[in-house]
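No lab work stands behind these numbers, since they all come straight from the coordinates. Note that the coordinates shown come from a computational prediction; the quantities given were computed from them, not determined experimentally. When we count neighbours, we look across all protein chains shown, and the Cβ atoms used for this are built from the backbone with ideal geometry, even at glycine.
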């Protein structure tokens with residue numbers, strides 16, 4: 001369908017922007033990636049996304065900055081430049097306009113690092129670290145009942161095909177069922193489900209704590225060979241290699257948010273790590289059974 005081709009092209013542009021937020025962009029550059037005429041690209045982009053290209057770029061930069069203020073310990077000026085702002089005053093003005101408070105006030109109220117002392121004050125059992133002799137990796141012992149394991153791993157590049165959804169998704173099991181059904185219907189005739197080693201994944205492109213719920217982007221994914229071709233609204237991307245915390249949970253459909261909240265709010269502040277600047281995702285090592293999911297939550301990390 002023609003509209004699917006348009007979505008595919010616009011998603012390619014958004015993927016490019018997301019990977020290069022600290023760069024300068026030109027309309028000609030973005031139009032070339034979309035394979036649309038530069039004279040019509042901006043109108044087409046806005047018609048599909050509801051934002052002009054540069055409105056989307058500004059919003060993603062501000063949301064990324066807010067997420068870094070919550071989860072990291074970089075200075076506000078470092079975060080501003082890392083997110084593509086060329087001066088601190090310009091960043092400060094735009095941040096206050098978007099979030100209705102200064103970056104300093106936002107960081108003070110929301111930083112996960114501030115939770116370390118409050119966790120200690122409440123006498124909560126903090127995760128304890130140990131070295132696994134079998135895998136030669138760092139692991140943690142925790143008292144979170146849904147967590148099976150948590151460790152730091154070097155993950156390789158993982159090629160995937162994806163179907164993207166824009167809008168609210170939290171707690172909507174039927175939405176994910178529809179998206180995966182549509183992805184599998186596309187992949188099946190191409191033989192991509194014949195190899196039983198495939199895995200499914202869900203990529204979360206935006207931080208739910210700071211992004212507009214109606215503009216949240218999530219992609220349901222299927223691991224595929226690197227040379228796989230795509231068409232229509234099905235896109236292809238690579239889950240980037242790097243150092244990740246991989247936390248395995250056993251949860252029902254209503255407990256995913258609980259697992260994420262524990263990882264971000266309890267484990268990270270006591271771990272010595274902070275989230276890195278890449279997308280986080282969920283990997284599903286096996287099919288759910290009787291409404292119970294086994295999921296590996298993968299968040300890119302770097303040291304504090």
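Which of 78, 277 comes first, and how do the rest follow, when ranked by fewest Cβ neighbours within 10 Å?
Least to most surrounded, the residues fall as 78, 277.
At a Förster radius of 30 Å, what calculated FRET efficiency corresponds to the Cβ-Cβ distance of residue 230 and residue 19, to the nearest 0.05?
E(calc), rounded to 0.05, equals 0.95.
So what is the relative contact order for segment 152-303, in percent, with contacts set as C-alpha pairs under 8 Å and at least six apart?
Relative contact order of segment 152-303: 32 percent.
Tell me the mean residue ellipticity at 222 nm calculated for the chain from its helices only (DSSP H runs of n ≥ 4, each -39500 (n - 2.57), averaged over every residue, nearest 500). Before the final figure, lay out each step's value.
Values: 11 runs with 114 residues, N = 304.
Calculated mean residue ellipticity at 222 nm is -11000 deg cm²/dmol.
If I take R0 = 51 Å and measure r between the Cβ atoms of residue 175 and residue 304 in this structure, what FRET efficiency does the formula 1/(1 + (r/R0)^6) give, to the nearest 0.05?
Details: r = 36 Å, r/R0 = 0.70.
It comes to 0.90.
How many percent of all Cα-Cα pairs in segment 2-110 sit more than 23 Å apart? All intermediate terms of the calculation are to be shown ahead of the outcome.
On the way: 2025 of 5886 pairs.
Everything past 23 Å amounts to 34 percent.
Based on the alpha-carbon gyration tensor of segment 173-304 and its eigenvalue square roots a ≥ b ≥ c, which shape applies: rounded if a/c is under 1.5, prolate if not and a/b is larger than b/c, or oblate?
prolate
Computed from the mean reciprocal separation of all distinct C-alpha pairs, what Kirkwood hydrodynamic radius does the chain have, in Å?
20.7
When a footprinting reagent is the concern and you count Cβ atoms within 10 Å, what order do 51, 289 take, fewest first? Intermediate results must be reported in sequence, preceding the final value.
Values: 51 15, 289 8.
Going from least to most buried by this count: 289, 51.
Any chance you could check the Cα centroid distance between segment 40-70 and segment 140-191 for me, in angstrom?
24
Taking only C-alpha pairs under 8 Å that are 6+ residues apart, what is the relative contact order of the chain in percent?
On the way: 470 pairs, mean separation 57.2, N = 304.
Relative contact order, the chain: 19 percent.
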